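What follows is one structure encoded as structure tokens, with my remarks underneath.
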2 protein chains.
Amino acid sequence: MTDIKGSKSLITESHTIPASFTIGFLGAGQLAKMSAIEAYRLGIQVAAYTDRSSQEPMHYMCPMVTTGSFEDIKAMTEFAQKCDVLTLENEFIESSVLEQVQINSGTPIYPSPEGFAKIENKIVEKQSFEEAGIPVTPYKQIHGREDLKDFGHQYGWPFVLKSSKGGYDGYGNATVSDLDEAADMFTKLGGQNGHDILAEAFIDFSHELAVQVAHNGREYSVYECCETVQSNHICVAVVTPARVPDSIKKLAQKRALQAMEVLGTRGIVAFEFFYTPNGDVLLNESAPRPHNSGHYSIEGCVTSQFENHIRAVLGLGVGSTELTHPASVMINLLGTQNRTAQVEFSEALLSEPNGHLHMYGKVQSKIGRKMGHFTLLGNDSTRVYERAMRLTESVQI
Amino acid sequence: MTDIKGSKSLITESHTIPASFTIGFLGAGQLAKMSAIEAYRLGIQVAAYTDRSSQEPMHYMCPMVTTGSFEDIKAMTEFAQKCDVLTLENEFIESSVLEQVQINSGTPIYPSPEGFAKIENKIVEKQSFEEAGIPVTPYKQIHGREDLKDFGHQYGWPFVLKSSKGGYDGYGNATVSDLDEAADMFTKLGGQNGHDILAEAFIDFSHELAVQVAHNGREYSVYECCETVQSNHICVAVVTPARVPDSIKKLAQKRALQAMEVLGTRGIVAFEFFYTPNGDVLLNESAPRPHNSGHYSIEGCVTSQFENHIRAVLGLGVGSTELTHPASVMINLLGTQNRTAQVEFSEALLSEPNGHLHMYGKVQSKIGRKMGHFTLLGNDSTRVYERAMRLTESVQI
């Protein structure tokens with residue numbers, strides 16, 4: 001790899017941060033924003049490349065934001081050449097594009113294009129993990145009506161149809177109850193137009209779990225197993241530690257570490273699991289970046305997922321993932337109205353001694369849009385959860 | 001006050017943060033930087049006005065940095081009009097200028113010009129606190145040789161001569177041992193050219209203490225009493241809590257609160273004290289902004305001085321100042337060479353589980369320049385202090 005800026009990879013070898021070392025984010029939303037804050041803390045410069053023209057969280061806190069398409073290899077290469085290392089904040093980009101940009105610019109990218117290639121397509125993702133012996137939800141690639149019928153026959157109705165790329169927070173997913181509905185949805189998701197579609201068995205789970213793992217090229221650090229609470233396919237809260245038996249948390253952590261070894265990339269990756277009534281812990285999805293399930297770690301852990309992502313990408317020592325309190329609860333603050341954002345709190349929320357408020361600085365609010373989050377620390381998960389819900393329920397955004 | 005942006009003061013009354021609410025910093029160094037990070041966390045926009053043309057910490061993390069003189073009321077008014085509220089990061093500005101800018105722009109400034117007027121001149125500062133019954137170091141305004149002779153006669157030699165404005169970290173101060181040296185220094189400090197000069201009795205102290213107080217217009221929050229360790233008039237470390245009797249810490253906190261009430265401003269103010277072998281706790285200096293003595297609070301307290309400064313200036317509820325650990329030690333990372341900054345750490349420092357590194361992103365290093373800091377948390381002040389010193393002694397910047 002050509003050493004274009006002269007400082008590339010320098011950090012790993014020498015534990016030296018050169019002046020004006022720059023990390024570039026592909027994406028400019030709240031994940032980039034919260035990561036950038038940790039880069040700033042370490043005296044690292046930040047740049048962002050986004051495919052959106054509207055005001056995003058990075059715009060108001062980063063002097064170097066470039067707009068362009070995630071398919072424009074030339075523009076992304078120019079951006080990469082101004083940076084010492086690149087990282088992602090979302091998955092709406094092809095690993096082959098990343099690979100080209102990395103080769104053309106000589107700027108390393110983490111998650112590595114090779115690691116990312118193993119998970120960017122949900123079918124390949126499941127195969128990658130399955131091959132490593134990690135239990136995943138039963139799935140099958142669907143090519144047409146016949147496959148849908150077979151899958152329903154094998155795993156029962158309803159089941160879940162998914163686009164193999166680009167889905168999140170319920171977009172690109174649907175639960176289907178019979179063959180006609182399934183065939184209809186297959187077409188809607190683009191199955192007739194060459195989009196890879198997979199069917200997943202409907203899992204009867206009691207808890208959705210998540211574990212973040214950081215890797216800096218030498219060592220792995222695993223976070224506590226947390227529990228994500230979803231409503232309409234959107235994560236509304238995260239409770240840490242998860243309220244499941246210790247053995248289950250340990251199993252999820254072990255499988256997350258195994259899965260991270262499959263990807264072999266530097267950075268942080270979040271792994272989501274289903275915990276079923278009969279005791280299975282099935283890997284559901286992975287996200288090769290800081291993830292909503294780990295926002296609690298800003299105050300809930302000695303070193304947050306964002307700081308460890310930066311440290312891992314730079315090849316610096318990874319900080320302790322130990323919990324700072326017996327219980328952390330993170331509540332997503334979702335837009336309550338479609339309007340220019342006006343964040344209306346209560347005095348009670350702002351004065352809560354162990355409460356920590358994070359707003360993303362988005363100018364436009366939209367019902368259900370993630371506008372910020374509130375983390376409450378304490379001793380007992382259930383009580384902290386109830387209190388956090390009470391404190392945040394009156395917030396208007 | 002004219003309501004120019006339409007959102008000014010809105011926060012205080014309604015606990016509402018409007019979209020694009022902007023806080024402006026007068027100054028662009030590391031104190032503005034660490035405060036800005038907390039503003040970003042709350043979704044608040046940041047702007048900075050600096051009188052330096054060189055690259056400062058705010059330049060690399062704030063899209064809105066304006067350069068101009070701190071005497072140029074017109075330029076500062078234009079800057080203020082783009083902001084919803086202004087705050088200071090240093091004291092190299094006249095309260096009368098702040099007052100004019102506040103009137104012309106309609107943008108409130110905290111520390112308030114009236115509060116700041118009580119401390120911008122060290123002679124007035126001592127009078128303000130003395131009148132409120134707070135013990136200060138014995139002092140006298142010096143007009144010439146006769147005053148120097150009298151002061152030496154009354155309080156003994158050596159004593160300290162100080163310029164009443166603009167001094168910091170040993171600049172504008174000198175310890176003088178006899179009348180000729182004192183007269184010489186009086187001239188050097190500008191005493192013959194109308195600069196206000198004061199003499200201060202040389203205090204034989206065992207500890208230098210500091211206490212931060214936050215005030216949001218309604219409530220006061222007092223931080224733990226910490227101990228600053230100085231070398232050549234530069235703070236090299238801060239140990240929290242101070243290693244002095246509890247009664248002394250309480251007394252320092254009580255006097256800091258009293259002093260804050262004298263100033264009556266929103267924001268955070270740091271108060272520095274001398275603790276003497278005969279049990280006196282004398283107020284030495286105050287700084288109406290986040291202060292080096294409070295950097296430990298980023299990880300050492302539930303709510304840092306920087307977050308509480310932002311919250312207080314905005315009139316939001318002030319967060320808990322409780323300690324997160326029995327002991328916090330902050331070590332200033334000073335430049336070790338005159339060169340383009342290359343921060344060379346050790347793996348041990350980066351991997352320290354309870355250690356937290358902050359670098360300010362300054363491009364030029366200079367021997368003794370504050371380039372960053374390292375905070376180590378633990379149970380026993382002395383042991384944590386020794387370990388923090390050991391971990392940081394090999395850092396080359």
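Read-outs: derived from the displayed coordinates by stated rules, not from any lab. All values derive from a computational prediction rather than experimental measurement. Backbone-built Cβ (ideal geometry, glycine too); neighbour counts: all protein chains shown.
Quick rundown of the values:
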| read-out | value |
| --- | --- |
| Cut-off 19 Å (backbone N to label point 7 Å along Cα→Cβ of B:LEU179), residues of region B:129-145 | B:140-145 |
| Alpha-carbon radius of gyration plus Dmax, which is the widest Cα pair, for region B:95-154 in Å | 16.1, 50 |
| Region B:10-109, relative contact order in percent, only Cα pairs under 8 angstrom and at least six apart counted | 28 |
| Label point distance in nm, B:GLU146-B:GLN258, each placed 7 Å from Cα along Cα→Cβ | 3.4 |
| Sequence ranges A:383-389, B:222-228, ranked by mean other-Cβ count within 10 angstrom, highest first | B:222-228, A:383-389 |
| For the protein assembly as shown, the spread of Cα positions along each principal axis, largest first, Å | 106, 51, 49 |
| Region B:284-397 shape via C-alpha gyration tensor axes, a/c threshold 1.5 | oblate |
| J(HN,Hα) series, region B:245-252, from Karplus relation 6.51 cos²θ - 1.76 cosθ + 1.60, nearest Hz, glycine and proline x | x, 3, 4, 6, 4, 4, 5, 4 |
| HN-Hα J in Hz across region A:40-56 - Karplus 6.51, -1.76, 1.60, θ = phi - 60°, x for Gly and Pro | 4, 4, 8, x, 8, 7, 10, 10, 9, 10, 10, 9, 10, 8, 6, 4, 10 |
| Order by protection proxy (mean Cβ within 10 Å, highest first), peptides A:65-76, A:96-107, B:71-82 | A:96-107, B:71-82, A:65-76 |
| Equivalent ellipsoid, region A:251-322 (semi-axes from 5 times Cα gyration tensor eigenvalues, Å) | 23, 14, 10 |
| Over chain A, relative contact order from alpha-carbon pairs under 8 Å, at least 6 apart, % | 14 |
| For region B:10-109, convex hull volume per residue from C-alpha positions, Å³ | 91 |
| Kirkwood-type radius of region B:208-278, with distances r between different C-alpha atoms, in Å | 12.6 |
| Alpha-carbon centroids, region B:280-303 and region B:184-235: separation in whole Å | 12 |
| Region B:138-201 shape via C-alpha gyration tensor axes, a/c threshold 1.5 | prolate |
| Whole-angstrom gap from region A:306-375 to region B:65-80, using each part's C-alpha centre | 34 |
| Proximal lysines to B:LYS74, defined as alpha-carbon separation beneath 22 angstrom and excluding residues fewer than eight positions away on the same chain | B:LYS5, B:LYS8, B:LYS82 |
| Order by protection proxy (mean Cβ within 10 Å, highest first), peptides B:309-321, A:347-359 | B:309-321, A:347-359 |
| Anisotropy class of chain B from Cα gyration tensor, a/c 1.5 cut | rounded |
| Alpha-carbon spread of region B:54-159, three principal axes, descending order, Å | 55, 31, 23 |
| Principal axis box of region A:348-397, alpha-carbon based, largest edge first, Å | 35, 17, 16 |
| Neighbouring partner chain Cβ atoms per residue of A:344-353, average, 10 Å criterion | 5 |
| Packing-based exposure ordering (other Cβ within 10 Å, fewest first) of B:MET64, A:MET61 | B:MET64, A:MET61 |
| Hydrodynamic radius (Kirkwood) for region A:207-392, which is based on Cα pairs only, to one decimal in Å | 16.8 |
| Average other protein chain Cβ within 10 Å of Cβ, residues A:34-41 | 5 |
| Residues B:GLU78 and B:LYS188, FRET efficiency given R0 of 45 Å [Cβ-Cβ distance, rounded to 0.05] | 0.75 |
